[in-house]
Structures are given as structure tokens and as C-alpha cells.
1. Does Gln505 meet the test of being at pLDDT 95 or above and over 30 Å from the mean Cα position of the chain (by Cα)?
2. Has the range 115-126 got at least one residue that is surrounded by 13 or more Cβ atoms within 10 Å (Cβ to Cβ) and either over 27 Å from the mean Cα position of the chain (by Cα) or more than 16 Å from the ligand (Cβ to nearest atom) (or both)?
3. Look at the range 397-434 and say how many of its residues are part of a loop (DSSP other than H, G, I, E, B) and within 16 Å of Ala184 (Cβ to Cβ).
4. If the Cβ limit is 8 Å and pairs must be 6+ apart or interchain, which residue in the range 374-400 that is under 19 Å from Glu157 (Cβ atoms) pairs with which residue that is of a type in the set (S, T, N, Q) and part of a loop (DSSP other than H, G, I, E, B)?
5. I'm trying to understand the selection: among the residues of the range 187-199, which are touching a helix residue (DSSP H, G or I) at 6+ places or on another chain (Cβ under 8 Å) and within 9 Å of the ligand (Cβ to nearest atom)?
6. Sort through Thr145, Thr158, Thr185 and tell me the only one that's touching a Gly at 6+ places or on another chain (Cβ under 8 Å), modelled with pLDDT of 95 or more and hydroxyl-bearing (Ser, Thr, Tyr).
7. Being of a type in the set (Ser, Thr, Tyr) and either in contact with a Pro (Cβ under 9 Å, 6 or more places away or on another chain) or part of a loop (DSSP other than H, G, I, E, B) (or both) is the filter here; which residues of the range 557-599 pass it?
8. Looking at Gly135, Gly141, Gly130, can you tell me which residue is under 30 Å from Thr285 (Cα atoms) and within 16 Å of the ligand (Cβ to nearest atom)?
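The values are calculated or read from the model by the stated rules, or taken from the named source; none is laboratory data. In this text the structure is predicted, and so the values were computed from the model without any measurement. Here the Cβ positions follow ideal geometry from the backbone for every residue, glycine too, while neighbour counts run over all protein chains shown.
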Amino acid sequence: NPLKRAAQKITDSLRGDGGAPEEGIPGKPAPESPSVAEPTEPRDPLPPKPDQSGPDTVSPTGQPTGADQARTAQSGSYLTTAQGTRLHDTDHSLKAGPRGPVLLQDHHLREKVMHFDHERIPERVVHARGAAAHGTFQSYGTAATVTKAAFLAEDEETPVFVRFSTVLGSRGSSDTVRDTRGFATKFYTSEGVFDLVGNNMPVFFIQDAIKFPDIIHAGKPHPDREIPQAQSAHDTFWDFVTLHTEATHHTLWNMSDRGIPRSFRTMEGFGVHTFRLVNAEGATTLVKFHWKPQLGVHSLVWEEAQIINGVDPDFHRRDLADAIEAGAYPQWELGIQTFPDTPDQMFEGIDLLDPTNLVPEELAPVQPVGLLTLDRNPSNFFAETEQVAFHVGHLVPGVDITDDPLLAGRLFSYLDTQITRLGGPNFPQLPINRPHAPVNDMLRDGLHQTAVHRGVAPYRPNSLDGGCPFLAGADTGAFIEAPVRVPESTRVREAPESFADHFSQPRRFWLSMSPLEREHIIGAYTFELAKCYEQAIRERALLVLANIDPELCGEVATGLGLPAPAPTVPLADVQPSPALSQLGRTWPTDGRVIGIVVGPDGDLDGVRAVREAVVEGGMVPLVVAQAGGVLGSGEGAVTVQRTYATARSVEFDAVLLAGLPGVGSDAYGARDAKAFPAAAQQLTGDPRVTLLVSEAFRHGKAVGAWAGGEAVLEGAGVPTGAPGVVVGDTGTAALEQLVPLLGGHRVWDRFTVA
Ligand code: HDD
């Protein structure tokens, strides 16, 4: 039949220039050609239209849109309405006379208030509070043997946007609560967007996404009073995680120092799930992704975290933005642990599909594959940090998923949630979400459509738009699902047997901690459980702890005033993984904050010299004095950055004291210090300075003094011979002794652990 043959010819030619695309799928037979003729008269396809390269960035009337939207939204010197009409007054409603009623005809009032009324959008249901930054990812090319992903090829530089977050708190909650942190990275690769939506902990509370609403409902504030905010220290959280023991490992990480990071800059990041990489030959490798911070992994101590929540709830957000503004660009190395893609997807007895498991680095070393540098703060929080939409299904050729049941549910959830949060399906068109690769989809219309699509045939196959857009093949950069064998089975609502081990991995984590880190964990469990009202929950929590370790269980039981139960399962015989401990290593001191506290008669020359030396060492000096302004005059003047009223120890990694009046001195004259009882001042000097010093000491921070600062140490009850307390003849001499202590993050020797 000649007509059928001609129709077949056109159908074949409409398959595009991707070079027999489906043939590119290794091991997959090409699909059968469609036998149905096109409804049009068979003829040669039309040439591709020039405007088939994706949504236009010029409006139909020639104005720039999209990336240039800032220009259209904010140009010209005059205040205008949203329609561009210049205004002469925006402070008064239109009234019938100065004391008369406001007139309904005031269209400017109406527009201004209407827009304000709709400024807020729903916050993220989880990870609502976050901060973000732009940067670049520089690939080393070391992953090129295991993946064909272009952004991991040698010397490839890819723009990125990274958002860090807490999980439980709402948008206005505090930064330093005990919680998991989100670490989500959007790579704007040449092959489309790749999102690595991870956390600062390598394991998750649940093994199946169907339980995500349960764990989140349990962790969020109680539905009746909506308290507590951004906390896990309450009954519903502990009720769930003690009944649902697969949460044990993640809960233990939360109770460890990882739950209260010092800074986003000092957190590790993890992809959590096992992913599958595909190389140019089609070979697959299972991987886990890791982000390793160049500044080391550091945490707050609990009391410090609690104080910060009051004195600076924006602590992490401020720290990230300040560091970038100061040019101290935070960096992380991306690394991969690789595992053979065996049919059972196990490695050394660890089920790689169970997201409550980690693989110790000692068994599978993390191999560095590239460097992330964050070097630009967002210019508009809402447009960028709030509107960015991550999705684990944003994948590029060379990176594919596994059958981890937690990942499967995430693949559904992220797209879905953006529709409510960002008001419709066109959120990929928001400037922060736009891919940097050309986009030529056939998605059309919908709420907030900003692209002006051309052509008449957003369907395939078509003959009317020249058969465009074409389909790509493996050799032209198509994303092709790895041809993985799906196990033959029966439909069930069940987990594999290997998912039933809930305690050996937590036990490994516990055994890997240093004595001091264990002490912190015991403190955290005791604090959180003591905040629960229900005795039954506390008792159940102790049963869980008994299965991790008798010492952990016993210490927490003592703190709660309860008997320690015996384990209900045999204690797992596991080896520690030293890489899990944060202590015992030395890190660069870049970006560390040194408070230089100076009194009314302080050694200004010394302060100047210390400041310069701190800056030269890549750290941040903050001068703290009784009142704001400048100390001294002329060229030698020193600018004051904090006063005794605005400074608190938690802001500094180390403190240096210069020329401060000490015990019994009446040299303090600042008006606000008078708010403290005179007796307190007489005893210790300014109570705010002594508090600052004693807190810094208690939190394990290096403390130093010169030029009379020693007297304040004494007044604050800080012995000059104690570990990490240094005294110098000059400021720089004191600083020289102080800096090496910073490399260890804190003066751990100061803590005695039995
Ligand atoms: Fe999720 C946000 C990380 C499991 C459903 N998740 C969100 C963010 C991060 C993570 C970092 C914030 C992204 C941003 O900054 O905008 N989530 C994880 C990790 C998980 C995980 C590491 C486990 C390994 N998440 C998970 C499950 C579900 C979700 C199992 C649902 C079944 N997550 C969401 C969400 C969010 C989200 C509801 C809220 C806002 C958003 O997606 O965009 O879809």
C-alpha cells in the first residue's frame, strides 16, 4: 500500500535528528514502528521553526522578561503603579477632604493593599526555614569512569544554588535548634538541572516514604496548642521514634553533636540514598554522595545553642551571608562511595536500599570528585531562597535512582508540593529554577505561565511544527533510564527482612564516638526525655537505648531517675567507624571569629596589632567595647563592632581581653551597666564581660588576655593555668598561643569525662 509506505516514511522522519534514538538504549530492542498513518497528507516535514529553541525571554511586545525581569520590574527613577503609571503620593489615601472618608475610587490604595495582602505564600511543609547561596561546582573528572554526567567530567564548571535548612521549625523559627539540617544543591548543568537534595546526616528516620507524614506529624508542634516550635523535645516525637524503632539511628544522630552544627559552613552533607551512576559504556555503579566541608565538621555545645536561639535566632543565616560577603567563601568537596551494582544491592552485609544505614568510610572510602564554592549571596530572599524548588527527580544522564522505597515516595512528593507552595505547575519558569540548558518542552499554559510559546503543535508526533522538537538518543545526550532488571515478585505491602535490623548501625555510631561526644549524647537524650510529660514514653525510650548500649541507657536512666532496663535483643557485634567522630582532628582556622574585648583604658596599639594579625590569618576580629563608635583618634582609631550590651560569648570562637578593669573597679561608667546590681559590678567588674568570659570558658573556647585583661579572668572565675587559657606580654603574643587552639575547634582538654 503506497499510502501506508509514505505515511511510514513521514513517521520515521518525524522521529527527528537524534540518530535512531531508541537504538541508543543498550540491550533494549527498538520499539515497533507505529502502523497508524498520520492524519495529514504525507509530505516532507517542514523545516524546524527558528523559535523552537525554548520559551522566549522577550515578551510579545519586545520587552525583556525572565532573567532580565529585574529590569522590567525596577527601571526608571519614579515610583509607579504596577502598570507603570508614575505616582505623586503614596502616603495618603484619596479622601473627601482631609478629615473626610476614604474614597473607593482610590485605585492606587486598592492595588497597594491588594498586593500586600497576597505577599505571603505557604511555607514549605518541612524545611521551612532556610538560607541559601550561589556558587560554582568545579569537577575534578575523577568520577568520569563511573558516570557520563557532563558536570562530573574533567574541569567542568557548573553554576549551583545551595539551600540549607532546619526541618521542623517554621519560617520564623530559630537557627540553632536541635534538628537535622537540609543540604540541597541545584546544579545548573549543561544537560539540565540536577538536584542533590540531602541532609547533614547520612541516615533517615524511616525506610519507606509512606511513613513520612507520620514522622513529620510526630515531630511538628502538638496540634492542639501548636507548641513546641522547632523542637524534638516533646511527647509526640518520642512517642513515634520509640514505637517505630527503625528511627533509632537517625534519632541518635540528632541527639549527637550533629544536631547542633556550629555553622552551615561546618556541616557535612549526604545524599542519604544509594544512587546509581551510569558511564559512557552503560556500566552502572551504586554510589552514596558526601559533601565534606573544607573547614571541618564542628558543632555548638548545647547551652551555647540555647543561648543563641535567644540572642541571635538568625545565627546560621547571618554566618553564611557574612562569610560570603567577607570573601571567606565556604567550600565543600563532593565525594562518592562506590559499590558494585550487584543484584542483591548489599555491601559487606549492609543493605544499600535501606536509608537507615550508612556505609562506614573505612569500608568504602569517600573519593573526592569535585569542589563546591559558595561565593554569592542571593539578592532577594523571596525570589531565590524561598522560591527555589528542589526535586530528587531532577536527574541528568549518568545519574539514576535505585529502588530505595524512601526515594520512590520522594520522587512523587517534591513535584507535588511545589504546586501548592508555588501556585501551579509553572514553577520551573521562576528565574531561580530555570535550567541553564536549553528548554524545549511541550508543557503548556497553566497558572503563572510566563513563557510566550510559539508554534501550533505542542504534541508529538507532529508535522505542523516541522516535527520539532526532536528526540535525542544516547549519543545526543538523552536521559535514558538504566536498563535495570526488576525482580520478579508478588505485590505486597512488606519490607525485606534485612530492613528489620534497627540497632546494629546505631550501636556502631555510639561506639565510634569519643567519650566527650558520648557525654553530649547522654545529655541530649536526658534533656529531651525529661521534657516529655508521659512516663510511659520515657520508659519505652530507655528500652530502645538498652538495645544500643547499656552505658548510654544507664546514664540516661540515672538522669531521668528511672531504672535502666535490660536489652531485648543481643547487642550487635560491630566495629567502630572512627570517621564518624568529629573530635581529634585539626582544621584550618579560616573564618573563625575572635572577640577582642577592650576596656576604657585598653591597650589600643595592641588591639590594632591583634586585629591586623587576625585578618592576616584569614580570621574575623570583632572589637567589643563599652560603648559604640571608635576608640582613640586619627589614623590609629579602632572601630568598635560590638558593645558590652550587644555582644555575647556565643558569637566568638575565641576571646581576647585587653586592658580591662578587674575586680572591684569602678571604672565602668556606661549607663546600661547600671541596670545590674552595684554589688555584682563591684565583685567582678562589668557583669556582661565576666559573663562573656565565663561562658566562653565553660563552652570550651580558647580565652586569652594581655595588658591587664588577666584581672577579668580572675573576676570571672577562670583560672589562668587552665587548659586553653593563655596570657601574653602583648596582644599578638597572646594571639599566637590562641590560634593553634582554634584548629581543634574547642579546648577539649578542659572537659573531664570519666
Ligand atoms: Fe524531603 C523538602 C531532604 C525525605 C518530602 N527534603 C526537603 C528539603 C530537603 C529534604 C533538604 C528542603 C529543600 C529546600 O531547601 O527547598 N527529604 C530530605 C532527605 C530525605 C527526605 C535527605 C530522606 C533521605 N522528603 C522526604 C520524604 C518525603 C519528603 C520521604 C515525602 C514522602 N521534602 C519533602 C517535601 C519538601 C521536602 C514535602 C518540602 C518542601 C519541598 O519539598 O520542596 O516535598
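1. Against the criterion (at pLDDT 95 or above and over 30 Å from the mean Cα position of the chain (by Cα)), Gln505 does not qualify.
2. The answer is no; no qualifying residue exists.
3. Total meeting the criteria: 2.
4. Every condition considered, the pairs that remain are Gly398/Thr147; Gly398/Asn279; Val399/Thr147.
5. Matches in the range 187-199: Val197 only.
6. Thr185
7. Thr568, Ser577, Ser581, Thr586, Thr589 - these are the residues of the range 557-599 that are of a type in the set (Ser, Thr, Tyr) and either in contact with a Pro (Cβ under 9 Å, 6 or more places away or on another chain) or part of a loop (DSSP other than H, G, I, E, B) (or both).
8. Only one candidate qualifies: Gly135.
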